[in-house]
Structure formats: C-alpha cells, structure tokens
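The values are calculated or read from the model by the stated rules, or taken from the named source; none is laboratory data. All figures in this text were calculated on a predicted structure; none of them were measured in a lab. FYI the Cβ positions are ideal-geometry reconstructions off the backbone, even for glycines, and counts take in every protein chain you see.
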Amino acid sequence: MDDQLNVPLEDAELLAEVELTTNLIIAASEADAPLDQDEVDRLLGIEPPTIPSQQVRDF
C-alpha cells in the first residue's frame with residue numbers, strides 16, 4: 001500500500017518561478033527608474049519576437 005503522504009517536497013517549476021520573481025525584484029530594487037519591457041523580458045529569458053522579413057515586389 002502506497003503512503004499518500006509520501007510526496008516530494010520540492011517542486012522544480014515553483015522553484016524556477018521563485019527564482020525569476022527574485023531576479024525581477026532585485027533588478028527593480030537596483031534600478032534608478034522603472035524597468036522597461038525589454039529588460040523585464042530579458043530577465044525572464046523571453047526572446048524578442050522575430051518578424052519574418054517580407055520581400056518587396058517591384059511593380
């Protein structure tokens with residue numbers, strides 16, 4: 001019979017989220033002005049969106 005209370009006490013996703021939040025708090029507390037969206041994205045590891053280049057047609 002499995003013990004239902006025998007569960008891991010470490011949640012990797014929660015730990016990663018706490019680390020991201022901590023990084024944001026530290027960066028915001030050290031900044032002279034509010035963080036801009038690009039800086040927040042960088043801290044969160046979000047890649048900037050890439051817009052596919054469009055070819056211009058000659059008419």
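Summary table
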| quantity | calculated |
| --- | --- |
| Tabulated pairs, the range 1-23, first under 23 Å from LEU43 (Cα atoms), second surrounded by 10 or more Cβ atoms within 10 Å (Cβ to Cβ), C-beta under 7 angstrom, 6+ apart or interchain | LEU20/LEU44; ASN23/LEU43 |
| Residues being outside any helix (DSSP H, G or I) and not aliphatic (A, V, I, L, M) - total across the range 10-50 | 10 |
| Residue tally, condition polar (S, T, N, Q) and surrounded by 10 or more Cβ atoms within 10 Å (Cβ to Cβ), over the range 4-36 | 3 |
| Verdict on VAL7 being outside any helix (DSSP H, G or I), of a type outside the set (Lys, Arg) and either at pLDDT 85 or above or on the phi < 0 side of the Ramachandran plot (or both) | yes |
